[in-house]
1. Here are some residues: Ser61, Ser103. Which one is surrounded by 16 or more Cβ atoms within 10 Å (Cβ to Cβ), modelled with pLDDT of 85 or more, over 26 Å from Glu139 (Cβ atoms) and of a type in the set (S, T, N, Q)?
2. What residue, among those in segment 167-185 that are without any contact (Cβ under 8 Å) to a residue 24 or more places away in the chain and open to solvent by less than 90 Å² (accessible area, probe 1.4 Å), is nearest to Val208 (Cα to Cα)?
3. Restricting to segment 1-55, count the residues that are in a loop (DSSP other than H, G, I, E, B) and at pLDDT below 50.
4. If a residue has to be part of a helix (DSSP H, G or I) and more than 22 Å from Ala210 (Cβ to Cβ) to count, how many in segment 249-277 make the cut?
5. Pairs under 7 Å by beta carbon, first residue in contact (Cβ under 8 Å) with a residue 60 or more places away in the chain in segment 96-116, partner open to solvent by less than 40 Å² (accessible area, probe 1.4 Å) and assigned to a helix (DSSP H, G or I), six or more apart or different chains?
6. Taking the criterion of being more than 20 Å from Tyr118 (Cβ to Cβ), crowded, with 16+ Cβ neighbours inside 10 Å and within 23 Å of the chain's Cα centre (by Cα), would at least one residue in segment 80-93 satisfy it?
7. Note down all Cβ pairs under 7 Å where the first residue falls in segment 128-155 and is in contact (Cβ under 8 Å) with a residue 40 or more places away in the chain and closer than 11 Å to Lys166 by Cβ, the second is in a loop (DSSP other than H, G, I, E, B) and open to solvent by 30 Å² or more (accessible area, probe 1.4 Å), and they're at least six residues apart or on different chains.
8. Tell me, which residue of segment 298-327 that is modelled with pLDDT under 65 and under 17 Å from Tyr288 (Cα atoms) is least open to solvent (accessible area, probe 1.4 Å)?
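The values are calculated or read from the model by the stated rules, or taken from the named source; none is laboratory data. Keep in mind it's a predicted model, so treat the numbers as computed, not measured. Note that we place each Cβ from the backbone using ideal geometry, even for glycine, and neighbour counts take in every protein chain shown. Just the protein is used for accessible areas: all its heavy atoms, side chains included, with ligands, DNA and RNA removed. Shrake-Rupley method; radii C 1.70, N 1.55, O 1.52, S 1.80 Å.
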Amino acid sequence: MINRKKACLWIEIAAIAASCTFVAGCTTKQERLEKEDAYRTIGINAMENGNYTEAIEAFDSALELADVLGTNEKDICYYRAAAQFAAGDLNDAIETYNALLESDDKNSDAYFLRGSVYLKMNESIKALEDYEKAIQYAENDEIYLVVYNSLNGAGYETEAKDYLEKALEKKAGRKAENYTVKGKIYLLKEMYPEAIESLATAIEKGDVEANLYLARAYEASGEAVKAEECINAYIEVNPESSVAYNQRGKKKMEEGNYEEAISEFLNGLELEQVIDEQELRSNLIAAYEYSGDFEKAKELMGEYVEDYPGDAAAAREYLFLGKNRNEEQDTK
């Protein structure tokens, strides 16, 4: 069996695979890919259930079928490294990212992810070196915000802020997304006029998602009407997005249709891509509370405050929901 630490390196069965190409009875490329995909699915399911050892074994089995590190195998490597990280096998995760970088030494994602593992290992110098490489090879400036969030979350606030300044100093160029990045950074720095200018430019250049951040800038500036216009502009292009479900849910709440509001919020949260998860979850809790289902609201609030500990208002509401609300209602 292949050493797990080296499973993502070029697998030493190329000669065997080549000899099987025209020999009857050998596995065809299609059959091999189907088996790889089956093991990949097993691994992902195991990860979702928290069975990281089982997941790693499944990903290993998938990689043992390969003769090269192609697109499919690289994807499996990313999952494998994530499982290793979740299992606490940080050195093994580093080896997996090393293999990806040996295959492609300009892989921005692999540099960033390896850097994040180094950060977890308190090897900040190596982490920063990898982050610099990630930025060097990234396709757009979003990487600056990704690095900022990683460093800031790990307590490296000064280093994190430096990356925001570097992003602002860099010319946005022609890409709309780079103007969106600048707008997001100005939002973080509470520089709302600058944020509005950058995000408006991003929208003009075709980044519809910039409407969401422009709405926040307008809200912070006290321009609620313009903020709503931005949200509506986004929804017009993305009518089945989580943002659209959230807006519809809020309108149902305003009308007093709490059951319908709950349905809208749940539909939004069930989407594969949820842009405004925190707000959706908060609104869902409020909808359950207004509907009189305090037990469900309390259950969801418990999960919410665990995921968003910085929301002080939610923490207070959780304590409030901890009281016997049914008895309170009976005494009124």
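1. Values: Ser103 fails: over 26 Å from Glu139 (Cβ atoms).
Going through Ser61, Ser103 in turn, the sole match is Ser61.
2. Just the residues of segment 167-185 that are without any contact (Cβ under 8 Å) to a residue 24 or more places away in the chain, to begin with: 168-169, 171, 173.
Filter once more, so that each one left must be open to solvent by less than 90 Å² (accessible area, probe 1.4 Å): 168, 173.
Details: Leu168: 21, Gly173: 18 Å.
Filtering first and then ranking leaves Gly173.
3. Qualifying residue count for the region: 16.
4. Adding up the residues that qualify gives 17.
5. Going by the 7 Å Cβ cut-off, the qualifying pairs are Thr96/Cys77; Thr96/Arg80; Thr96/Ala81; Thr96/Gln84; Ala99/Cys77; Leu100/Cys77; Leu100/Ala110.
6. Start the filter on segment 80-93 by keeping residues that are more than 20 Å from Tyr118 (Cβ to Cβ), which leaves none.
Scanning segment 80-93, I find no residue that is more than 20 Å from Tyr118 (Cβ to Cβ), crowded, with 16+ Cβ neighbours inside 10 Å and within 23 Å of the chain's Cα centre (by Cα), so the answer is no.
7. Asp141/Lys170
8. Result: Arg325.
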